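Please see the structure below; I have some questions.
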Amino acid sequence: MAAIGSRIWAIPEGYIPSAGIAGDSVLASHEAACILNAGYVGAEVRLTLYFSDPRIALLTTLAFAEK
């Protein structure tokens, strides 16, 4: 079966100060990216994380097939 979907994605994350906005706990700072592999074959996932300071993090993991 041929693979479908995108191979390169940009997932933006908005900046929320660590204290949240106006003390609202619902808007507390966090980072998240949810990835679902709905295919039949596992996939290698590589993430490049960019921060407001010069630090960059490179992560590699596996997304196991859900079918």
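The values are calculated or read from the model by the stated rules, or taken from the named source; none is laboratory data. Computed from a prediction, not measured in an experiment: that's the story for all the values here. Here the Cβ is made from the backbone with ideal geometry for all residues, glycine too, and neighbour counts use every protein chain on show.
Check region 32-39 and report whether any residue there is out of contact with any Leu (no Cβ under 9 Å at 6 or more places or on another chain), modelled with pLDDT of 80 or more and surrounded by fewer than 11 Cβ atoms within 10 Å (Cβ to Cβ).
Checking region 32-39: not a single residue is out of contact with any Leu (no Cβ under 9 Å at 6 or more places or on another chain), modelled with pLDDT of 80 or more and surrounded by fewer than 11 Cβ atoms within 10 Å (Cβ to Cβ).
What number goes with the only condition from (1) at pLDDT 80 or above; (2) surrounded by fewer than 10 Cβ atoms within 10 Å (Cβ to Cβ) that P54 does not pass?
Against the list (1) at pLDDT 80 or above; (2) surrounded by fewer than 10 Cβ atoms within 10 Å (Cβ to Cβ), P54 comes up short only on (1).
This table checks each residue for (1) at pLDDT 70 or above; (2) surrounded by 10 or more Cβ atoms within 10 Å (Cβ to Cβ).
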position	(1), (2)
A2	no, no
P12	yes, no
P17	no, no
L27	no, yes
L47	yes, yes
